[in-house]
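Below is one structure, written out as structure tokens; the observations come after it.
The values are calculated or read from the model by the stated rules, or taken from the named source; none is laboratory data. From a predicted model like this one, the values you see are computed outputs, not experimental measurements. Reconstructed Cβ throughout: ideal geometry from the backbone, glycine too, with neighbour counts over all protein chains shown.
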Amino acid sequence: MIPLSILDLAPVCEGATPQQAFGNMLDLAQHAERWGYRRYWLAEHHNMPGIASAATSVLIGHVAGGTSTIRVGAGGIMLPNHSPLQVAEQFGTLASLYPGRIDLGLGRAPGTDHATARALRRYFDSADQFPQDVAELLHYFEPAQRGQSVQAVPGAGVEVPVWLLGSSLFSARLAAAMGLPFAFASHFAPDAMDEALALYRRDFRASARLAAPYAILALNVVASDSEAESRRLFTTQQQSFVNLRRGQPGQIPPPVADIESFWAPQEKAGVERALACTVLGDPAQVAEGLADFAGRHRPDELLITANIFDHQARLRSFELAMQAWQARQAR
């Protein structure tokens, strides 16, 4: 069976606080572990009132400490915001505390707006050095050599699987050249998905870290007892995308009965294109949608996400998705 994993942003819903978002985050991770999800990834974003996963490595430690078997990681750390040494130390620490359970996904986008990116990077103003930074980071995870002047402590000699994340051909090409696993952000930027996946698999070079290509595709999934209810729940994510494109990011809004009255036609077209990789409906529809997506694109793993306003409905969506997928694969 193609494994299912979860991508979370620790969403802060309207009327809620980051503290409540963190409680929901851990609750979802604990349920996901019981339901059979392979990994639980958190994504780095900044200056976004509806996303509380800015201190990503801190939250990974919190989730790993509150679970026992599920893999926990970053999907991802935006490497240009950090020094490779600091990332190696943080994830070397996490992997030492929770051996065999920590993943490190790396992206080259800032995960925020331009002004906030400058505030984060201070003296570093571009992602042009991303390939060199990835190589430097990988070096810090190698066993320290005699006379090595800079070491990651902890980190040197610690096993931390490193992934490259992307929404374009750049990271696909780099992951293939470096022999690393690759995850594509098809849940919000699907345009280059097929080309990136083909390029990655065609040009992959085996490395000490990975013998054969391994690709994850991300997918929005909203499951409930009916298609109508799933479509209603999905309006939360649709509104969030419109608000972001309007330059008005805010907390996660509740669903609406009539999304057509919320957006303009050009906004609708843009959001539908961005969220084209979406499966929603009742369990049978979700099973069919997942099978169709997996059959067309042949990912090694699916990373599913769902920005649902009500926490219990969100839990139910992930539970139904896994049940539907397991039943479909069993047949």
### Query
Has region 213-223 got at least one residue that is under 21 Å from D103 (Cβ atoms), surrounded by 19 or more Cβ atoms within 10 Å (Cβ to Cβ) and touching a Lys or Arg at 6+ places or on another chain (Cβ under 8 Å)?
yes
### Candidate set: region 290-329, residues that are among the small types (G, A, S) and without any contact (Cβ under 8 Å) to a residue 60 or more places away in the chain; chosen: the one surrounded by the most Cβ atoms within 10 Å (Cβ to Cβ)
A291
### Residues that are surrounded by 23 or more Cβ atoms within 10 Å (Cβ to Cβ) and over 30 Å from S96 (Cβ atoms), drawn from region 152-183
A172
### Task
Have a look at A117, A74 and point out the one that is at negative phi, of a type in the set (A, V, I, L, M) and out of contact with any helix residue (DSSP H, G or I) (no Cβ under 6 Å at 6 or more places or on another chain).
A117
### Task
Quick one: which residue in P249, P253 is modelled with pLDDT under 95 and touching a strand residue (DSSP E or B) at 6+ places or on another chain (Cβ under 9 Å)?
P249
### Message
From the list Q238, Q248, exactly one residue is more than 19 Å from S167 (Cα to Cα) and either charged (D, E, K, R) or surrounded by fewer than 21 Cβ atoms within 10 Å (Cβ to Cβ) (or both). Which is it?
### Response
Q248
### Task
Name every residue in region 224-235 that is assigned to a loop (DSSP other than H, G, I, E, B) and either out of contact with any Leu (no Cβ under 9 Å at 6 or more places or on another chain) or surrounded by 17 or more Cβ atoms within 10 Å (Cβ to Cβ) (or both), in order of residue number.
S224, S226
### Query
Do you know which residues across region 36-59 are in a helix (DSSP H, G or I) and buried (at least 18 other Cβ atoms within 10 Å of the Cβ)?
T56, S57, L59
### Message
If I ask for residues that are within 20 Å of I70 (Cβ to Cβ) and either in contact with a strand residue (DSSP E or B) (Cβ under 7 Å, 6 or more places away or on another chain) or not small (G, A, S) (or both), which ones from region 35-56 would you list?
### Response
W35, Y37, R38, R39, Y40, W41, L42, A43, E44, S53, T56
